[in-house]
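Each remark here refers to the structure printed beneath this line.
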Amino acid sequence: MIELKRINKYYKTGKNMFQALKDVSLTIDDGEFVSIMGQSGAGKSTLMHIIGTLDDFDSGSYMLDGELVNTMKDKKKSLLRSSKIGFVMQDFALINHETVLYNVMLPMYFSNVKYSEMKKIAIDKIMHVGLGDQVTKKVNQLSGGQKQRVAIARALVAGASMILADEPTGQLDSNTGKEIMELLKTLNEEDGITVILVTHDLSISEYSRRRIVLSDGKIVSDEKLEK
Amino acid sequence: MKKISLFFRNMKGNVLLLVILFITVSIMQLILNYSVSGYLYYNRSNIMFSRAGLDGGIYYINITPYDQSTVDKLGEIVEELEKDEAVEKIIKNKYFSCRLNMELFQAVLYDEDVYQKMYGKLPYGDWGSGDEEQVCAVVAGVMPQNAPVGKTAKLGVSIDNKIEQFDIMISGVISYPPMVFDMSYYSSVNMTADKFFDSRSVLYLPDNEKTKALFGDAETMGMEMYAGIVLFDDNATPEERKAVSDKLDQYSEVLEIDDIISNTKHLVKEKLLVTTSLPMYLLVISILGYMSICVITIYRKKYDYSNYQIIGCSKRSIMTLTVLQISFPAILSMALFVCLMSVLRSLSQKGIYTLPNLIFGYENILVSVLATVIVILSIVLVTYYMLKSFSPLQELRKMEK
């Protein structure tokens with residue numbers, strides 16, 4: 001469960017201070033599929049990075065599964081990212097010169113998973129996302145959609161219970177984008193994975209069951225979507 | 001296992017660079033250790049010479065030993081000076097050829113007081129207490145573990161053109177590599193203590209009445225004595241010293257021991273500066289090389305590092321991985337040289353293998369480790385500075401643009 005209370009985030013731009021998030025409070029339960037929308041500069045990615053412990057905030061509190069993230073050191077946050085949180089980025093954020101298998105195994109090097117089990121778990125996840133025949137291929141030999149599947153497999157591999165997807169279909173064509181969204185929906189509905197999606201595309205946000213809209217760093221709407 | 005696997009996997013693409021770094025730092029280690037070993041030799045000669053209690057004395061040597069008349073006249077002067085009140089004693093280089101258990105040795109009659117101070121504690125056995133029934137001898141130039149310490153040996157000596165056999169006790173052995181004190185070298189230019197030491201097979205017999213009773217005196221042994229050291233009485237005046245020196249100067253070259261000790265100290269300092277300047281220069285080059293490779297590697301891997309952080313690698317782990325990968329060749333080279341120096345030291349002490357004018361000691365190991373630590377510290381500094389403000393989000397935004 002994610003609990004954010006009165007989160008404020010400032011960025012220094014030259015001599016001025018720009019407030020990216022203003023008193024943002026929200027709660028996301030386990031198993032939810034949430035989309036965060038807004039125009040460019042609204043604070044969507046900033047919010048997602050804070051939830052994913054990639055970025056700090058200036059005031060407020062953040063509880064993740066009952067643990068206060070504010071006071072956590074880098075090591076503890078890193079452990080959270082390796083075990084609970086998975087990221088799916090717009091540009092895939094993969095190591096292109098390495099194989100699919102290595103990319104998917106990578107998070108487990110920094111987690112508590114035993115070395116002898118790593119390969120088996122990675123292959124299992126790769127097959128789960130439909131890339132069983134691409135295990136030994138280099139990432140730079142794959143299509144955009146396949147790369148994003150690898151990113152999703154990597155996000156799940158260390159036992160992550162939450163996926164943070166920042167414009168996951170941004171670099172994909174519409175059909176491939178739909179395939180990726182269907183995969184995320186399946187992971188949410190069948191495996192209970194919490195999915196937090198950042199997008200500016202309304203049709204993509206329709207896959208979620210809750211839509212939060214940000215504008216100028218504030219939450220302007222938070223609605224459940226009827227299915 | 002995981003971290004080791006990740007460590008080696010990450011080195012892909014950098015193998016050639018790492019090999020070059022390894023070669024560079026190994027050359028530096030080689031020259032550094034050679035310099036240190038040379039310094040250790042000169043330093044030991046200085047320590048031994050200074051320890052012997054020869055301060056204030058004079059060294060004389062007949063530089064025309066083929067001229068029998070000068071040898072005879074010098075011998076007469078030395079005999080006369082031995083009775084001089086200003087002279088405490090004259091240490092003459094008395095030596096003769098012999099066979100010890102059928103092996104060819106040079107036997108040296110040594111001054112018990114001076115030599116025992118000079119050499120100090122022996123690695124095996126001792127110089128003998130003097131209470132033993134047999135004459136006690138100390139060997140040099142024999143592998144210490146092979147020396148028959150505590151055993152009786154057959155000594156074959158030519159006396160009056162006849163080979164005589166004597167039983168002697170081998171009471172100790174000089175450490176390896178042997179630095180045998182030899183008063184038969186002369187240099188007119190800045191004579192130093194290292195010139196007095198040589199490496200060969202020698203049998204030290206005490207120059208005392210017991211030995212004389214066994215072999216006879218110098219004349220009987222046919223020993224030519226054309227070099228020695230005069231030690232003065234504490235009450236000798238400068239004029240008396242000068243008078244002694246002038247007498248010896250007629251048929252030999254005379255050098256002040258204090259000048260020799262002073263020259264040696266100066267030489268040791270010089271050796272330290274001159275012979276270490278090249279290794280220090282190479283160390284600086286190595287450090288600059290490593291720092292450059294460190295910067296290039298981090299720039300190349302920034303995108304990979306941002307991925308690592310996203311998937312759960314802490315910044316400290318990234319820094320550790322980077323430092324270890326780049327310093328790996330230096331660590332490998334250090335391990336190689338520590339092993340090599342340890343082996344050479346061990347072989348040298350056992351007498352199995354030595355190199356001329358080089359001593360291998362724990363100082364070699366210390367210096368090898370220190371040089372590597374300095375290289376690693378430079379890498380840590382660069383890595384810390386470059387990754388201090390590293391932000392995976394900024395790197396990802398750059399990639400998106």
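The values are calculated or read from the model by the stated rules, or taken from the named source; none is laboratory data. Please read these numbers as outputs of a predicted model, since none were measured by experiment. Backbone-built Cβ (ideal geometry, glycine too); neighbour counts: all protein chains shown.
Observations on the model:
- Any hit, region B:351-359, residues being assigned to a helix (DSSP H, G or I), out of contact with any Ser or Thr (no Cβ under 7 Å at 6 or more places or on another chain) and surrounded by fewer than 15 Cβ atoms within 10 Å (Cβ to Cβ): no
- Criterion violated by A:Leu94 - all others in (1) more than 24 Å from A:Ala20 (Cβ to Cβ); (2) facing another protein chain (nearest Cβ under 8 Å); (3) without any contact (Cβ under 8 Å) to a residue 40 or more places away in the chain; (4) surrounded by 18 or more Cβ atoms within 10 Å (Cβ to Cβ) satisfied: (3)
- Taking the conditions (1) under 26 Å from the mean Cα position of the chain (by Cα); (2) modelled with pLDDT of 90 or more in turn, B:Lys269 satisfies each one other than (2).
- The set of residues in region B:65-114 that are hydroxyl-bearing (Ser, Thr, Tyr) and buried (at least 20 other Cβ atoms within 10 Å of the Cβ) comprises B:Tyr95, B:Tyr110.
- Hits in region B:4-47 - residues which are touching a residue at least 40 places away in the same chain (Cβ under 8 Å) and more than 30 Å from B:Arg345 (Cβ to Cβ): B:Leu6, B:Phe7, B:Asn10, B:Met11, B:Asn14, B:Leu17
- Listed by position, the strands (runs of 3 or more DSSP E) contained in region B:186-305 that have at least 1 residues being among the small types (Gly, Ala, Ser) and in the same structural domain as B:Tyr66 (by TED's automatic domain parsing) are B:227-232.
- Any chance B:Phe7 is at pLDDT below 85, more than 27 Å from the chain's Cα centre (by Cα) and either charged (D, E, K, R) or in a helix (DSSP H, G or I) (or both): yes
- Residue match in region B:258-271 (condition: at negative phi, away from chain A (no Cβ under 14 Å), touching a strand residue (DSSP E or B) at 6+ places or on another chain (Cβ under 7 Å) and surrounded by 14 or more Cβ atoms within 10 Å (Cβ to Cβ)): yes
- Checking every residue in region B:371-381 against the condition of being surrounded by fewer than 16 Cβ atoms within 10 Å (Cβ to Cβ), more than 11 Å from every other protein chain (Cβ to nearest Cβ), of a type in the set (Val, Ile, Thr) and within 21 Å of the chain's Cα centre (by Cα) gives zero matches.
- Filtered residue count, region B:290-314, keeping only those that are surrounded by fewer than 18 Cβ atoms within 10 Å (Cβ to Cβ) and under 43 Å from the mean Cα position of the chain (by Cα): 4
- All of A:Thr53, A:Thr71, A:Thr27 fail the test of being in a strand (DSSP E or B) and of a type in the set (S, T, N, Q), apart from A:Thr27.
- Considering the conditions (1) out of contact with any strand residue (DSSP E or B) (no Cβ under 8 Å at 6 or more places or on another chain); (2) of a type in the set (S, T, N, Q); (3) buried (at least 21 other Cβ atoms within 10 Å of the Cβ), B:Ser45 is excluded by exactly one of them, (1).
- Against the test of being away from chain A (no Cβ under 14 Å), hydroxyl-bearing (Ser, Thr, Tyr) and either within 38 Å of the chain's Cα centre (by Cα) or within 24 Å of A:Asp74 (Cβ to Cβ) (or both), the options B:Ser368, B:Ser317, B:Ser391 yield a single qualifying residue, B:Ser368.
- Of B:Lys212, B:Lys162, B:Lys195, all but one fail to be closer than 22 Å to B:Asp111 by Cβ and at pLDDT below 85; the exception is B:Lys212.
- Scope region A:103-127; condition buried (at least 19 other Cβ atoms within 10 Å of the Cβ), within 12 Å of chain B (Cβ to nearest Cβ) and assigned to a helix (DSSP H, G or I); matching residues: A:Asn103, A:Val104, A:Met105, A:Leu106, A:Pro107, A:Met108, A:Tyr109, A:Met118
- The residues in region B:320-346 that are crowded, with 19+ Cβ neighbours inside 10 Å and within 14 Å of chain A (Cβ to nearest Cβ) can be counted, and the count is 1.
- Scanning region A:1-48 for residues that are small (Gly, Ala, Ser) and touching a strand residue (DSSP E or B) at 6+ places or on another chain (Cβ under 7 Å), we see that the one that is surrounded by the fewest Cβ atoms within 10 Å (Cβ to Cβ) is A:Ser25.
- When we screen A:Ser40, A:Ser25, A:Ser78 for residues that are under 19 Å from A:Leu197 (Cα atoms) and modelled with pLDDT under 90, the only hit is A:Ser40.
- Tallying residues that are closer than 18 Å to A:Pro168 by Cα and either within 14 Å of chain B (Cβ to nearest Cβ) or small (Gly, Ala, Ser) (or both) within region A:128-150 yields 8.
Yes/no matrix, rows are residues, columns are (1) at pLDDT below 85; (2) farther than 19 Å from B:Ser306 by Cβ:
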{"position": "A:Asp65", "(1), (2)": "no, yes"}
{"position": "A:Leu106", "(1), (2)": "no, no"}
{"position": "A:Lys114", "(1), (2)": "yes, yes"}
{"position": "A:Ala122", "(1), (2)": "no, yes"}
